[in-house]
1. Looking at segment A:260-275, which of its residues are under 19 Å from the mean Cα position of the chain (by Cα) and either at the interface with another protein chain (Cβ under 7 Å from one of its Cβ atoms) or surrounded by fewer than 23 Cβ atoms within 10 Å (Cβ to Cβ) (or both)?
2. Within segment A:316-327, can you find the residues that are under 25 Å from B:V256 (Cα atoms), facing another protein chain (nearest Cβ under 10 Å) and of a type in the set (D, E, K, R)?
3. Go over the candidates A:E243, A:E257 one by one and state the one that is charged (D, E, K, R) and modelled with pLDDT under 95.
4. Just to be sure, is B:G251 of a type outside the set (K, R), outside any helix (DSSP H, G or I) and crowded, with 20+ Cβ neighbours inside 10 Å?
5. Output the residues belonging to segment B:287-297 that are within 7 Å of chain A (Cβ to nearest Cβ) and aliphatic (A, V, I, L, M).
6. Given the residues B:R278, B:R203, which is the only one that is surrounded by 21 or more Cβ atoms within 10 Å (Cβ to Cβ), away from every other protein chain (no Cβ under 11 Å), in contact (Cβ under 8 Å) with a residue 60 or more places away in the chain and charged (D, E, K, R)?
7. Suppose we keep only residues that are assigned to a strand (DSSP E or B) and out of contact with any Pro (no Cβ under 9 Å at 6 or more places or on another chain) within segment A:150-200. Which one would you say is farthest from the other protein chains (Cβ to nearest Cβ)?
8. Check segment A:163-174 and report whether any residue there is hydroxyl-bearing (S, T, Y) and either free of Cβ contacts under 8 Å to residues at least 60 places away in the same chain or closer than 20 Å to B:G120 by Cβ (or both).
2 protein chains.
Amino acid sequence: MLERFKVPPEDEVRVPEQSLRSTVTAIFEKMGVPHQGAVEGADVLVMTDLRGVETHGVSNMLRSYVQAYKESRLNPRPQWTILRESPATATIDADGGLGIILGGPAMQLAIKKAKNTGVGVVTMYNSGHMGAVGHFAMMAAKENMVGICMTALSIRVAPTFAAEAIFGTNPIAIAAPTKSEPPFLFDAATSTIAENKIGLAARVGASLLPGWVSDSQGRPVLEEIPAPNRGEYHLLPLGGTREQGSHKGYGLAMMVEVLSTFLAGTLPQVLNPVGRARSHFAAYDIAAFTDVDTFKENLDSMLKTLRTTKPAEGHERVLYPGLPEYEAEQDRRANGIPLHKEVIHWFDDITAELSLPRLKVM
Amino acid sequence: MLERFKVPPEDEVRVPEQSLRSTVTAIFEKMGVPHQGAVEGADVLVMTDLRGVETHGVSNMLRSYVQAYKESRLNPRPQWTILRESPATATIDADGGLGIILGGPAMQLAIKKAKNTGVGVVTMYNSGHMGAVGHFAMMAAKENMVGICMTALSIRVAPTFAAEAIFGTNPIAIAAPTKSEPPFLFDAATSTIAENKIGLAARVGASLLPGWVSDSQGRPVLEEIPAPNRGEYHLLPLGGTREQGSHKGYGLAMMVEVLSTFLAGTLPQVLNPVGRARSHFAAYDIAAFTDVDTFKENLDSMLKTLRTTKPAEGHERVLYPGLPEYEAEQDRRANGIPLHKEVIHWFDDITAELSLPRLKVM
């Protein structure tokens, strides 16, 4: 994550992992979520914060989930339905449950199918927000598989040349297992920046760089501006402008819709206003393609090659997807998760409201 | 394609589709390729030119293929081997055959598997160049499936912060069928521009825009420059700079390597100098997920919504991936394929050398 998005040290409060897990689990249970689901939802959020992905951890997401449960926009006790199934595939109606809680079982189903046929692909629709989808991709990596997860939600990104937003930020995540290097884990929006980064920028007082957003008429903003208010901007597809390849970010956003929304037999939100998240889970059993050891050793060589590649002037080292997140996890497990003091105030308010013990900080 | 890459009208010669097919087929046969393979290779190249994707049609590619056959770097009569297979997957050693000729049979295998299990995934390595991989994705779309093809080759793209090139341009293609709209077909390099665009820019005298390439030390070039010579630059991942999201283009390039190279049990070229192309073919049988008619009608609604979205100031209309290529195909089937006069000279030379009839132009 760029420096500008990080919590300024004077505003940060460190929270121990276990304390955050307990409080988040208890909040989910107060929303009516059964214990196991509450534990899984807390795990996704806390793992995301441990890995340094602040945009999709407790700070930005939990309060919106709580709000949605309170307004009955999320179903705390969903009964999912498998609408269609084949040896390698399934399509699930998530019954309005929260995506971060149902993503785990959906990926487990893809993994089970991959064990039988070599590949498993599951599409799920009608769920709430999916959080950081890399979490679900990693579940497959832990089973000696390559895992992919994508999700589509909301109407924020204006296609190349368009004056109106059509797509969500439609992230793509892929994870693959290693033997000795920290695992490969890529998880990124197909827009120039994730929607949550705008809120984070506002909270930490950061400005937006040229090419990150368009004005409300679809004209890419090519100067640095303060974080704008909702309704005053659209996000741009990765690339930013046509000349820099925004048609590729736009095409990748459509790829996510095809593999998630359309394969599930439903429509994007722009054509289906009640639309909830549509997601795609894929597990590729490495042993069905090649030797697992060969795969892992080859990937280790590659990742080591990448992180030891000669850096360009002004840079200390080359990173690979998953490496900085792995390093953040080591630090945060030992030293606690840094939250903005404003987020701690929210926890104090919500725990008081729900008659729960206060969140323990360090 | 940006205007700057198009053949200037005064330099273009129009060639009828059938004439180009016959000459290209005959050239492949002179290289020792059996008739059926020669026809398929010509089909991939000519379809690519018909769709207006000049970078990957006869102009840029055929002469390099001829050169490779002459130098025995391509095997005209490959015997592929299926190294490992499961109900939904297969891994193929392509025996040094040309990718554009073997890509069709590889996708057919993925389609056959998808008919049985819902999804089919095939990895193929040790092939020559794959051409425009969207061609193979479209094969699945014609069978009421979603098709994906990706390929990795060469060492041209410097990862974010790196001084050295590590990846190829690693394109991703996806196609999906429609009922009444021109089909969805996305096919794009995960670099800011495709390698072939540099050669094309040199041929048509176009300059490169800021953010398209780095200098030989990995520093992104942020001003407009003439097309540089080989060795004087690296390509940049989609995004261009870290601030504009080049780490996402870089991660997508690695995604292509994981699904193509590593799943096939082999290594990228940077770690395997004899390395040839590694590719990934996936077919998703729509009927295994939902009703085919629902899928097509939904996708039609979406594509129509996209092309009728209000355009931003200065733009006539919003396009979607596959629409301009469809329109180019209608024009070129009727009016011939525009080739640069320099390409016609090459055809005249090679047909003379191989004792073939001259390419018929309009």
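1. Keep residues of segment A:260-275 that are under 19 Å from the mean Cα position of the chain (by Cα), which gives A:260-261, A:268-269, A:275.
Matches in segment A:260-275: A:P268, A:Q269, A:G275.
2. The answer is A:R317, and nothing else.
3. Working: A:E257 fails: modelled with pLDDT under 95.
Answer to the check: A:E243.
4. When the stated conditions are applied, B:G251 does not pass them.
5. As a first pass, look at segment B:287-297 and keep what is within 7 Å of chain A (Cβ to nearest Cβ): B:288-291, B:294-295.
Result: B:A288, single match.
6. On the way: B:R203 fails: surrounded by 21 or more Cβ atoms within 10 Å (Cβ to Cβ).
The match here is B:R278.
7. Of the residues in segment A:150-200, the ones assigned to a strand (DSSP E or B) are A:150-152, A:157, A:162, A:167, A:172-176, A:184-188, A:191.
If we keep only those that are out of contact with any Pro (no Cβ under 9 Å at 6 or more places or on another chain) too, we end up with A:172-173.
On the way: A:I172: 7, A:A173: 9 Å.
Within segment A:150-200, the match that is farthest from the other protein chains (Cβ to nearest Cβ) is A:A173.
8. no
The values are calculated or read from the model by the stated rules, or taken from the named source; none is laboratory data. Owing to the predicted nature of the structure, the values given are computational and were not obtained by experimental measurement. Glycine gets a Cβ as well: all are built from the backbone with ideal geometry, and neighbour counts include every protein chain shown.
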